[in-house]
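Trainee: Have a look at this one.
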Amino acid sequence: MDDSGIKKQNWDVKETELFLEILKELDMKKCLDGRKVRNNKLFKVAHRRMTAAGYHRSVDQLKFRWKLLKSAYYKCKREPDSPAPTKIQGWWRYEKTMIAIMESRHPLVGAGVNSDRNDEATEDSDGDASMLHWPQPQPCPDNTTQNLDLIIKMDPEMDSQLKIGFIGAGNMAFGIAKGILSGNVLPVNVKVSAPSSRNLGRFQELGIAVTHSNIEVVCGSDVVFVAVKPHLVPLVLNEISQHITDRHIIVSVAAGVTLATVEELLPENTVAIRLMPNLPCMVQEGALLFARGTHAKQEDGALLRSLLHRCGLVEEGPEAWIDIHTGLSGSGVAFVYLFAEALAEGAVKMGMPSALAHSIASQTVLGAGRLLRDSGKHPAQLRSEVCTPGGTTIYGLHTLEQGGVRAATMSAVESATERARELGRKSAAGGRK
Ligand SMILES: NC(=O)C1=CN([C@@H]2O[C@H](COP(=O)(O)OP(=O)(O)OC[C@H]3O[C@@H](n4cnc5c(N)ncnc54)[C@H](O)[C@@H]3O)[C@@H](O)[C@H]2O)C=CC1
Ligand SMILES: O=C(O)[C@@H]1CCC=N1
């Protein structure tokens with residue numbers, strides 16, 4: 001290992017504190033058992049979390065930092081009255097956390113520090129800091145291993161190994177499936193369930209496995225999208241609940257159904273995420289917003305983001321925004337279709353053949369949308385760029401304003417948002433029955 005770059009690290013206090021908190025949380029005690037593969041995984045997970053927090057350190061850099069911290073810990077342990085270690089500036093800030101990590105790690109540490117002396121690092125050593133050899137290694141419980149495995153799969157190139165399940169084979173499941181298949185996910189790793197075969201054919205055409213058993217989908221998947229109608233969510237969650245383990249991330253796309261309802265119906269500590277997608281996922285131009293549940297960590301969100309990145313724009317926000325996004329975008333696409341249809345019908349009324357009018361209307365909506373997104377300009381700015389004074393556009397806009405199109409559109413978003421909230425209350429009541 002060439003560690004010349006590794007040694008030249010300037011870590012600030014915040015970064016080191018975060019690193020140690022991550023290691024503490026990942027429970028070094030259980031995971032650093034001397035097995036190289038698992039130890040590497042632990043540092044990879046730490047690397048992901050550090051990156052997510054904006055600190056870009058390589059896995060080797062993290063290992064080297066850990067080596068130095070450990071060395072400082074042992075020095076203090078051996079010679080409590082000697083001056084603080086110089087290789088770690090501000091060591092006193094980290095000492096408490098290091099003790100928490102090291103002394104929870106193995107009951108012999110306090111009494112038997114010397115037995116571990118060979119593990120100590122120096123600036124010159126290039127050993128693998130993760131290769132610890134405890135006298136009595138403590139194996140990782142299986143579920144811990146599974147968690148690490150899942151977290152590590154959030155690399156886009158690792159998406160190909162994730163098993164994805166859909167419960168519900170409707171339009172939205174199909175849209176997301178098409179979107180994710182255009183990324184790194186392979187059809188053989190996707191399974192979808194629905195009670196009837198009616199909608200399953202189009203999934204099969206994509207190479208996706210189909211079944212009538214929701215439980216089969218859950219048992220074979222890491223990430224499970226619950227894509228049934230909102231009133232059916234409690235029924236489905238009750239059915240699958242006992243098969244959920246800490247391997248799973250449950251992603252509900254049902255309008256209105258809150259994380260509280262989902263979490264209440266699933267085992268304690270279930271990792272749940274609420275996602276509101278929209279149909280253009282199908283052509284990789286979706287607008288998706290998700291909110292993480294109580295037990296969904298940042299990396300679970302990152303994993304979902306990575307999985308969905310080919311579906312379109314994927315954003316995370318507070319749960320309160322999900323119903324609004326449902327009005328704005330989940331339903332909003334239908335408002336745009338209504339407008340496109342009306343544009344075309346206006347042209348038909350003026351004498352243009354219908355097919356041509358519809359094709360031009362859809363291209364107009366597409367072009368206007370792309371320009372709006374890609375220019376970054378406010379829609380009012382673009383609108384004014386289309387309006388020649390005394391020209392055609394301002395006459396048309398005047399007519400739209402007279403028809404109340406602006407107020408009607410705002411009210412449409414409001415009504416759809418309110419309806420999502422109402423559906424949420426109903427499904428919560430359904431879950432309590
Ligand atoms: N269609 C859209 O544009 C959007 C839909 N959503 C949400 O996605 C969810 C699904 O909506 P759509 O796909 O439009 O509905 P859909 O009616 O097209 O699909 C529902 C699917 O669920 C299946 N299903 C019914 N009972 C089931 C059960 N017990 N177990 C498993 N599958 C069952 C049906 O057979 C059908 O395949 C809804 O909760 C909706 O709020 C969210 C965003 C946009
Ligand atoms: O109409 C609905 O309820 C679903 C949610 C957003 C779009 N379609």
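The values are calculated or read from the model by the stated rules, or taken from the named source; none is laboratory data. None of these values were measured; they are calculated from a predicted model. Neighbour counts run over all protein chains shown; Cβ positions are idealised from the backbone, glycine included.
Trainee: What pairs come up if the first residue lies in the stretch 242-256 and is over 16 Å from Ile322 (Cα atoms), the second is more than 16 Å from ligand 2 (Cβ to nearest atom) and of a type in the set (Asp, Glu), and their beta carbons are under 9 Å apart, counting only those six or more places apart or on different chains?
Mentor: What qualifies is Arg247/Asp149; Arg247/Asp222; His248/Asp222; Ile249/Asp222; Ile249/Asp300.
Yes/no matrix, rows are residues, columns are (1) closer than 16 Å to Leu288 by Cβ; (2) within 16 Å of ligand 2 (Cβ to nearest atom); (3) not β-branched (Val, Ile, Thr):
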site	(1), (2), (3)
Lys229	no, yes, yes
Leu237	no, no, yes
Ser241	no, no, yes
Asp246	no, no, yes
Ile249	yes, no, no
Val253	yes, yes, no
Ile273	yes, no, no
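Trainee: Further question: Could we say that Ala355 is surrounded by 13 or more Cβ atoms within 10 Å (Cβ to Cβ) and either modelled with pLDDT of 95 or more or of a type in the set (Ser, Thr, Tyr) (or both) here?
Mentor: Spelling it out, it is not the case that Ala355 is surrounded by 13 or more Cβ atoms within 10 Å (Cβ to Cβ) and either modelled with pLDDT of 95 or more or of a type in the set (Ser, Thr, Tyr) (or both).
Trainee: State whether the residues of the stretch 237-258 include one that is of a type in the set (Lys, Arg) and more than 10 Å from ligand 1 (Cβ to nearest atom).
Mentor: yes
Trainee: Something else about it: Looking at the structure I just gave you, is Arg202 basic (Lys, Arg), more than 9 Å from ligand 1 (Cβ to nearest atom) and modelled with pLDDT under 95?
Mentor: no
Trainee: Another question about this same structure. Hey, does the stretch 56-74 have a residue that's surrounded by fewer than 17 Cβ atoms within 10 Å (Cβ to Cβ), out of contact with any helix residue (DSSP H, G or I) (no Cβ under 8 Å at 6 or more places or on another chain) and either part of a helix (DSSP H, G or I) or modelled with pLDDT under 80 (or both)?
Mentor: No: zero hits.
Trainee: Okay, next question. (1) touching an Asp or Glu at 6+ places or on another chain (Cβ under 9 Å); (2) of a type in the set (Val, Ile, Thr); (3) surrounded by fewer than 23 Cβ atoms within 10 Å (Cβ to Cβ): which one isn't true of Thr245, the others all being true?
Mentor: (1)
Trainee: With respect to Phe225, determine if the residue is at pLDDT 95 or above and either more than 13 Å from ligand 1 (Cβ to nearest atom) or touching a Phe, Trp or Tyr at 6+ places or on another chain (Cβ under 8 Å) (or both).
Mentor: yes
Trainee: List the number of the failed condition for Ser331; all other conditions in (1) away from ligand 1 (no atom under 16 Å from the Cβ); (2) hydroxyl-bearing (Ser, Thr, Tyr); (3) within 30 Å of Val257 (Cα to Cα) hold.
Mentor: With respect to (1) away from ligand 1 (no atom under 16 Å from the Cβ); (2) hydroxyl-bearing (Ser, Thr, Tyr); (3) within 30 Å of Val257 (Cα to Cα), Ser331 is out only on (1).
Trainee: On the given criteria, is Ala320 away from ligand 1 (no atom under 16 Å from the Cβ), surrounded by 14 or more Cβ atoms within 10 Å (Cβ to Cβ) and within 30 Å of Lys163 (Cα to Cα)?
Mentor: When the stated conditions are applied, Ala320 does not pass them.
Trainee: Residues of the stretch 407-429 being modelled with pLDDT under 95 and more than 15 Å from ligand 1 (Cβ to nearest atom), which ones?
Mentor: Ala429
Trainee: Scan the stretch 290-312 residue by residue and report those that are within 16 Å of ligand 2 (Cβ to nearest atom) and surrounded by fewer than 21 Cβ atoms within 10 Å (Cβ to Cβ).
Mentor: Gly312
Trainee: Counting just the residues of the stretch 320-354 that are among the polar types (S, T, N, Q) and part of a helix (DSSP H, G or I), which one comes out nearest to ligand 2 (Cβ to nearest atom)?
Mentor: Per the criteria, the residue is Thr326.
Trainee: Could you please find all residues in the stretch 261-294 being away from ligand 1 (no atom under 16 Å from the Cβ) and either polar (S, T, N, Q) or within 16 Å of Leu232 (Cα to Cα) (or both)?
Mentor: Glu263, Glu264, Asn269, Thr270, Thr294
Trainee: For the stretch 280-289, does any single residue satisfy the condition of being away from ligand 2 (no atom under 16 Å from the Cβ), buried (at least 18 other Cβ atoms within 10 Å of the Cβ) and touching a residue at least 24 places away in the same chain (Cβ under 8 Å)?
Mentor: Taking every residue of the stretch 280-289 in turn, none turns out to be away from ligand 2 (no atom under 16 Å from the Cβ), buried (at least 18 other Cβ atoms within 10 Å of the Cβ) and touching a residue at least 24 places away in the same chain (Cβ under 8 Å).
Trainee: Right, another one. With (1) touching a strand residue (DSSP E or B) at 6+ places or on another chain (Cβ under 6 Å); (2) free of Cβ contacts under 8 Å to residues at least 60 places away in the same chain; (3) over 14 Å from Ile176 (Cβ atoms) as the list, and Glu239 as the residue in question, which single condition is left unmet?
Mentor: Of the numbered conditions (1) touching a strand residue (DSSP E or B) at 6+ places or on another chain (Cβ under 6 Å); (2) free of Cβ contacts under 8 Å to residues at least 60 places away in the same chain; (3) over 14 Å from Ile176 (Cβ atoms), the odd one out for Glu239 is (1).
Trainee: I'm trying to understand the selection: among the residues of the stretch 204-219, which are surrounded by 18 or more Cβ atoms within 10 Å (Cβ to Cβ) and without any contact (Cβ under 8 Å) to a residue 24 or more places away in the chain?
Mentor: Within the stretch 204-219, Ala209 is the sole residue that qualifies.
Trainee: Here's something else I'd like to know. Tell me which of these Glu315 doesn't satisfy, since it passes every other one: (1) in a strand (DSSP E or B); (2) surrounded by 16 or more Cβ atoms within 10 Å (Cβ to Cβ).
Mentor: With (1) in a strand (DSSP E or B); (2) surrounded by 16 or more Cβ atoms within 10 Å (Cβ to Cβ) applied to Glu315, the lone miss is (2).
Trainee: Okay, next question. Return yes or no: is Glu319 over 14 Å from Ile176 (Cβ atoms), modelled with pLDDT of 95 or more and in contact with a His (Cβ under 9 Å, 6 or more places away or on another chain)?
Mentor: no
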